[in-house]
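Colleague: Below is one structure. I have some questions about it.
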Amino acid sequence: MTPELIQYLESIRGSAKLSSSDETGVMSELQTHIEDRLQELTDAGLTEEEAIATCLGQMGNTKLIARRIYEAYSQGSWKQVFLASMPHLLFGLLFVLNWWHYPGWLAIVLLLVLATTVYGWWHGKPAWLFSWLGYSLLPVLAVGMLLLYLPKGWSLLALPVYFPLAIWWLFRIIVQTTRRDWLFSTLMLLPLPIIIGWFLAISSSGRFTEYSLQRVYYFAPWIGLSFLILAVTIAAFIRLRQRWLRVCLLAVSGLFTLTLVVYYSTGKLNTLTFLGLILVMWGLFLAPPLLERYLVKRERLVTRRKGETPGTVPREPSE
């Protein structure tokens, strides 16, 4: 394989966003097809350079090929729909059935989330994993909140250490997820503005009191409804093939659910807070693709530098 053909295949691989289970077979089949076509062209009398140019011209634009491959392999099975929507359903039922105040049920759900996340992470990062991955971050958030209740001196010592480590760990997870597909990073972070919105509606001061617990009871059906909406959203996301429809679905669902939070918070969230939550949501949509673009550029730069001969000056990547 010439460098030109390798670059062509790598461009398709990077844009197709295939799972690890599909990528090897699909790219191997595509490479075999190109090699067979090159052999036919060289047998017809073309030089190697002419055969490559003709073959790639007949194959077409890499982005178009990648989009067709994505749409052919992106649709998940109904089993994946069930697995992906399950964490949203579990947390929705905790509030709909008013089981959220039982430590036993909370522990069972959180352990199930953590176990399922670890299993999926080490078994190829399937599409259903990323909705579980978002909820696995809740214990980190809960520990940070508990640190606020420490005596003032201990709190001042613990918080500056804990939060940088938590942010670094979250960033590492987002980077790894974005390497798989930035859309899955958005999927993972989708519940975050919803949870923040309900938290502010229940206790704007950041501390839970007896009055805050009463408000949780009052909001529980609507909190459960918001999680159920997320479950339906994820189910539709897994079944859709077109990438642009997936992006639109997540954007519309996030905005609709935030509107529900503000509407049923009975004045606890003002317009400014609502706009702030929308900015958080759009930040979650914009940050992953920008991060992916940066990672791709950095990887190309590293690859190009490795390809430079000793003593040459590395070239900057073209825009």
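Every number here is computed from the coordinates shown, using simple stated rules; none is lab data. It should be emphasised that the depicted structure is a prediction, and the values quoted were computed from it without experimental measurement. With ideal geometry, Cβ positions are generated from the backbone for all residues, glycine too; neighbour counts draw on all protein chains shown.
Colleague: In a GNM of the chain with a 10 Å cut-off on Cα contacts, which of Gly254, Gly224, Gly14 has the highest mean-square fluctuation?
Modeller: Gly14
Colleague: With viscosity set to 1.306 mPa s at 10 °C, what whole-number translational diffusion coefficient in µm²/s follows for region 101-257 from Stokes-Einstein and a Kirkwood radius over Cα pairs? Spell out each step's value before the answer.
Modeller: Values: Rh = 17.3 Å.
Calculated translational D: 92 µm²/s.
Colleague: Right, here's the next one. Using only alpha carbon positions, build the gyration tensor of region 111-203, then give the equivalent ellipsoid semi-axes as the square roots of 5 times its eigenvalues, largest first, whole angstrom.
Modeller: On the way: eigenvalues 144, 46, 31 Å².
With the √(5λ) rule applied to region 111-203, the semi-axes are 27, 15, 12 Å.
Colleague: Sticking with this structure for a sec: So what is log10(I(q)/I(0)) for region 3-71 at q = 0.16 1/Å, when the Debye sum runs over its Cα atoms only?
Modeller: Values, matching the q order: -0.54.
Colleague: Most fluctuating residue of Leu189, Leu133, Leu170 in a GNM of the chain with Cα springs under 10 Å: which is it?
Modeller: Leu170
Colleague: Let me ask something additional. First check a/c for region 205-302, with a ≥ b ≥ c the square roots of the eigenvalues of its C-alpha gyration tensor; if it is under 1.5, answer rounded, and if not, answer prolate when a/b is larger than b/c or oblate otherwise. Mind showing how you got there, number by number?
Modeller: Working: a/c = 2.66, a/b = 1.76, b/c = 1.52.
The shape class here is prolate.
Colleague: Hey, any idea what Rg/Rh is for the chain, computing Rh the Kirkwood way over Cα pairs?
Modeller: Details: Rg = 24.1 Å, Rh = 22.5 Å.
Computed over Cα atoms, the ratio is 1.07.
Colleague: In units of 2.2 N^0.38 Å, what is the alpha-carbon radius of gyration of region 56-102?
Modeller: Numbers: Rg = 20.1 Å, N = 47, 2.2 N^0.38 = 9.5 Å.
The reported ratio for this selection is 2.11.
Colleague: Show me the ranking of peptides 96-107, 30-41, 172-183 by mean Cβ neighbours inside 10 Å, starting with the highest. It would help to have the intermediate numbers written out before the result.
Modeller: Values: 96-107: 13.2, 30-41: 14.8, 172-183: 18.9.
Going by the mean number of other Cβ atoms within 10 Å, highest first, we get 172-183, 30-41, 96-107.
Colleague: Can you give the convex hull volume per residue for the Cα atoms of region 171-244, as a whole number of Å³? Let's see the in-between values first.
Modeller: Values: hull volume 7.6 nm³, N = 74.
Per-residue hull volume (Cα only) is 103 Å³.
Colleague: So which residue, out of Ser253, Ser28, Ser203, gets the largest mean-square fluctuation from a GNM of the chain using Cα contacts under 10 Å as springs?
Modeller: Ser28
Colleague: Would you give the gap between the C-alpha center of region 1-33 and the C-alpha center of region 225-303, rounded to a whole Å?
Modeller: 30 Å
Colleague: Whole-Hz ³J(HN,Hα) for each residue in region 93-106, computed from phi via Karplus 6.51 cos²θ - 1.76 cosθ + 1.60 with θ = phi - 60°, x for glycine and proline: what do you get?
Modeller: Rounded to whole hertz, the list is 5, 4, 8, 4, 8, 6, 9, 5, 8, 8, x, x, 5, 4.
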